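The values are calculated or read from the model by the stated rules, or taken from the named source; none is laboratory data. Quantities reported herein were computed from a predicted structural model and do not represent experimental measurements. Ideal geometry is used to build each Cβ from the backbone, glycine not excepted, and the neighbour counts take in all protein chains shown. Accessible surface is based on the protein model in full, side chains and every heavy atom, while ligands, DNA and RNA are left aside. Shrake-Rupley method; radii C 1.70, N 1.55, O 1.52, S 1.80 Å.
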Amino acid sequence: MQAISHNIPIQHDQIQADLYVNDHPNTATIVMAHGLGGEKLCGLADFAEHYHKLGFQVCVFDHRGFGQSTGKIKNLVDKNSQLQDWKAVIDFFKTHYNLKDDQLILWGYSFSGAHVLTLGSTATYKGIIANFPHVDGLASLTLYPKKYLLLALLKAIQDLIYIPFGKVKTMPVVSENRFAILAGEDCHDGYHSIIPNDVTWENAVPARIVATIGFYRPTTVAHKIKSPTLVIGAENDSLIPIKSTRKLAQKIQNRQYHEENCGHFELFHEPYKNRILVIHTTFLKSL
């Protein structure tokens, strides 16, 4: 499976994207990106290869500041800038490959799952796949360790204060003691389980996301989604209350909802990975 590498311009930066072209492509192109702090090298290749074998073209990209994508602030996790990244990638393929919204399938996991749901509330795509998506920042904050919440907020405020001075205060994405952005009991081992041995991953992002993530609530716009949408929830998710995922799914009129009895990172591990790919395949063939 060979990829065409694209550097997609956005403001003063470039988004690095790999496009896997099929000789006899399906009429749709699947656009994929990783979750909070993740890079496309961390587990997305197997999914892209599977969809490619089904006949789809697949684009996998890294948000600005991650992987080979450039960015003024390294590893910045920000919903507004990342939504801009998605729009830039979508517009690029619509312009350079003569695609329309109804020829694009948006694929997200965790934080990028929130992005595809949010984008789906503003335009009609051929399909949306949201795997263990971030659905309600306020609900997710209730799962954050209370003993660390104030300290994390102070770190976030410090990072926000640093912005005019061009400085950054970081926090680890995951940590054994759970003082991190992702603070579920399974997050440290779970996150490291999806990082290949030959990939150097920086376990740090600007702390400001702690102060803003509570306001990111795709559940409030889910009723506007018209695209055929597949939502998959993880019953034992330590970051996203499953009740919130179920609530969001119920708001989407044209939906398929599936739930796995697993944790947040099991999307990338058997037996769940294969089961979820079967669900994906059935959904894709229904479009």
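Values as computed for the structure displayed
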quantity	calculated
Output for segment 81-95, where each listed residue is among the acidic types (Asp, Glu) and open to solvent by less than 10 Å² (accessible area, probe 1.4 Å)	ASP85
Residue within segment 266-279 that is in a loop (DSSP other than H, G, I, E, B), in contact (Cβ under 8 Å) with a residue 40 or more places away in the chain, of a type outside the set (S, T, N, Q) and buried (at least 16 other Cβ atoms within 10 Å of the Cβ) present	no
Subset tally (residues that are open to solvent by less than 50 Å² (accessible area, probe 1.4 Å) and part of a loop (DSSP other than H, G, I, E, B)) for segment 130-166	7
Segment 197-213 - residue that is open to solvent by 10 Å² or more (accessible area, probe 1.4 Å) and touching a helix residue (DSSP H, G or I) at 6+ places or on another chain (Cβ under 9 Å) and, of those, farthest from ALA156 (Cα to Cα)	TRP201
Test result for THR219, surrounded by fewer than 16 Cβ atoms within 10 Å (Cβ to Cβ) and either without any contact (Cβ under 8 Å) to a residue 60 or more places away in the chain or not aromatic (Phe, Trp, Tyr) (or both)	no
Residue within segment 241-255 that is under 15 Å from GLY113 (Cβ atoms), outside any helix (DSSP H, G or I) and among the polar types (S, T, N, Q) present	no
Every pair of residues 6+ apart whose Cβ atoms lie under 8 Å, when the first sits in segment 168-179 and is over 16 Å from ILE73 (Cα atoms) and basic (Lys, Arg) while the second is at pLDDT 95 or above and open to solvent by less than 60 Å² (accessible area, probe 1.4 Å)	ARG178/PRO145; ARG178/TYR148; ARG178/GLY184; ARG178/CYS187; ARG178/HIS188
Output for segment 96-129, where each listed residue is open to solvent by 30 Å² or more (accessible area, probe 1.4 Å) and touching a Ser or Thr at 6+ places or on another chain (Cβ under 8 Å)	TYR97, ASP101, ASP102, GLN103, THR124, LYS126
Matching residues, segment 35-94, being within 13 Å of the chain's Cα centre (by Cα) and aliphatic (A, V, I, L, M)	LEU36, LEU44, VAL60, VAL77, LEU83
Tabulated pairs, segment 113-137, first free of Cβ contacts under 8 Å to residues at least 60 places away in the same chain, second in a strand (DSSP E or B), C-beta under 7 angstrom, 6+ apart or interchain	VAL116/LEU106; VAL116/TRP107; VAL116/GLY108; VAL116/ILE128; VAL116/ALA130; LEU119/LEU106
Matching option when the condition is open to solvent by less than 10 Å² (accessible area, probe 1.4 Å), at pLDDT 95 or above and among the hydroxyl-bearing types (Ser, Thr, Tyr), among SER238, SER193, SER227	SER227
